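Here's the structure we're looking at; comments come further down.
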């Protein structure tokens, strides 16, 4: 196997690691081995953190939407179900923004969701009565 002299590549690699470790405490920013371990760990934390950030924001949006729904005397799950039945396709980020900054517009959405739920319930009851008339299921 031929001999490998690393030369400038080795120096560049170490310089890159130490540059990434800038601002770390004591030897973690000065010595290559400590800096390498600290940088690898920080990059792992960064990767995980980017995933957690998405989860955290989604849960924040859900909390904001839920609070605004409670003020309108409707649960979060019924609100989302009503929006789907009404054919309104807004994501949680937009809904949370509306709930936080534009309450009247959000209240109109709540009204649309409630009416869609009532319509769906009326259709369900009509189907149950039809089935009862045809003696398919016992009357409710």
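Each value in this text was obtained by applying a stated rule to the coordinates, not by laboratory testing. Keep in mind the model is a prediction, meaning the values are calculated, not measured. Here Cβ is always computed from backbone atoms with ideal geometry, including for glycine, and neighbour counts include all displayed protein chains.
In the stretch 35-50 there is no residue matching the filter, namely being closer than 30 Å to residue 113 by Cα, surrounded by fewer than 11 Cβ atoms within 10 Å (Cβ to Cβ) and free of Cβ contacts under 8 Å to residues at least 40 places away in the same chain. For the stretch 119-137, check the following and say yes or no: at least one residue is surrounded by fewer than 11 Cβ atoms within 10 Å (Cβ to Cβ), touching a helix residue (DSSP H, G or I) at 6+ places or on another chain (Cβ under 9 Å) and either free of Cβ contacts under 8 Å to residues at least 40 places away in the same chain or part of a helix (DSSP H, G or I) (or both). Yes.
Name the residues in the stretch 36-73 that are in contact with a helix residue (DSSP H, G or I) (Cβ under 6 Å, 6 or more places away or on another chain) and outside any helix (DSSP H, G or I), would you? 72 - this is the single residue of the stretch 36-73 that is in contact with a helix residue (DSSP H, G or I) (Cβ under 6 Å, 6 or more places away or on another chain) and outside any helix (DSSP H, G or I).
Let's see how each residue does on (1) closer than 17 Å to residue 64 by Cβ; (2) within 19 Å of the chain's Cα centre (by Cα):
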{"site": "77", "(1), (2)": "yes, yes"}
{"site": "80", "(1), (2)": "yes, yes"}
{"site": "85", "(1), (2)": "no, no"}
{"site": "89", "(1), (2)": "no, yes"}
{"site": "95", "(1), (2)": "yes, yes"}
{"site": "98", "(1), (2)": "yes, yes"}
{"site": "107", "(1), (2)": "yes, no"}
{"site": "118", "(1), (2)": "no, no"}
{"site": "125", "(1), (2)": "no, no"}
